[in-house]
Amino acid sequence: MKAISTEIHDVLLLEPFVFQDERGFFFESWNKRTFINELKLDLNFVQDNQSRSKQRVLRGLHYQVRQPQGKLVRVACGRIFDVAVDLRKSSATFGRWVGQELSGDNHRQLWVPGGCAHGFLVLSDIADVLYKTTDYYAPEHERCLIWNDPDIAIDWPLDHGPLVSAKDQLGLTFRETEVFE
């Protein structure tokens with residue numbers, strides 16, 4: 001697996017080695033030894049999640065103030081623009097964002113550490129998104145950073161307005177939201 005650094009410390013774009021022939025393809029999306037030995041990430045995943053969304057659905061930007069979740073995100077089918085926002089005050093990249101296209105064709109994954117908000121925009125007709133988390137979902141600790149915050153200024157690849165849940169429309173601005181030390 002190849003790890004590519006991003007503009008945010010600890011957020012990594014991961015490219016697995018894909019074995020492909022006339023029958024299809026195979027790749028390891030997760031191998032604890034590889035992550036420890038090659039990527040220097042000793043992760044303990046406790047939950048796997050999957051969502052299916054249609055084009056223009058924007059989910060996020062979610063995070064948990066207690067029980068922060070690191071997320072290993074990939075797409076089984078379709079394409080998304082996947083985003084992480086650094087909410088760690090102690091980080092040199094506090095308040096900055098990174099975005100990467102993940103798809104069922106490119107097999108890339110994004111490692112989003114705890115302390116970052118996460119969200120994505122569906123670019124294809126549908127997308128099946130899978131992600132592992134390092135802690136359990138805790139709704140009482142969940143927070144949402146508004147997707148169109150003017151201070152963060154994410155450059156979402158949108159031609160029309162996104163489809164956003166009522167809950168995510170109530171997300172707070174960067175200036176209002178809780179952050180990590």
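Coordinate-derived values only; no laboratory data. Just so it is clear, the structure is predicted and the values come from calculations on it, not from any experiment. Note that each Cβ is placed from the backbone with ideal geometry, even for glycine, and that neighbours are counted across all protein chains shown.
Each of Gly99, Pro150, Asn37 was placed along the dipole of the chain (beta-carbon charges, centred on the mean Cα), and the one lying farthest toward the positive end is Asn37. Normalised by the number of residues in the chain, the average gap of Cα pairs under 8 Å and 6 or more apart makes the relative contact order 29 percent. Spatially, the range 7-86 and the range 134-181 are offset by 19 Å when compared through their Cα centroids. Placing unit charges on the Cβ atoms only, positive for Lys and Arg and negative for Asp and Glu, gives the chain a dipole magnitude near 240 debye about its Cα centre.
Taken along its principal axes, the alpha carbon cloud of the chain reaches lengths of 51, 37, 28 Å, longest axis first. Database remark: amide H of Gln69 closer than 5 angstrom to the amide H of Gln64, Gly115 (H placed geometrically; neighbours at sequence offset of 5 or more, or on other chains; Pro and chain starts carry no H). Residues His62, His160, ranked from the fewest to the most other C-beta atoms within 10 Å, line up as His160, His62. Local charge for Thr173 was computed over the other residues whose Cβ lies under 11 Å away, with Lys and Arg +1 and Asp and Glu -1, and equals -2. The peptide list 28-37, 69-78, put in order of mean Cβ contacts within 10 Å with the highest first, becomes 69-78, 28-37.
Only helices enter the 222 nm calculation for the chain: every DSSP H run of n ≥ 4 contributes -39,500 (n - 2.57), and dividing by all residues gives -1000 deg cm²/dmol, rounded to 500. 3J(HN,Hα) along the range 18-24, derived from phi through the Karplus expression 6.51 cos²θ - 1.76 cosθ + 1.60 where θ = phi - 60°, amounts to 9, 9, 10, 8, 5, 7, x Hz, with x in place of Gly and Pro. Using the Cα coordinates of the range 1-101, the gyration tensor eigenvalues translate into equivalent-ellipsoid semi-axes of 24, 19, 14 Å, sorted from longest to shortest. Considering only alpha-carbon pairs that sit under 8 angstrom and 6 or more positions apart, the relative contact order computed for the range 14-65 is 17 percent.
Our coupling estimate for the range 120-126, obtained by passing each phi through the Karplus curve with A = 6.51, B = -1.76, C = 1.60 and θ = phi - 60°, is 8, 10, 7, 9, 9, 4, 9 Hz, Gly and Pro reported as x.
When peptides 82-88, 20-26, 131-137 are sorted by average Cβ neighbour count within 10 Å, with the highest value leading, the order is 82-88, 131-137, 20-26. Phi angles across the range 44-49 convert, under the Karplus curve 6.51 cos²θ - 1.76 cosθ + 1.60 with θ = phi - 60°, into 3J(HN,Hα) values of 10, 7, 10, 8, 10, 10 Hz, Gly and Pro given as x.
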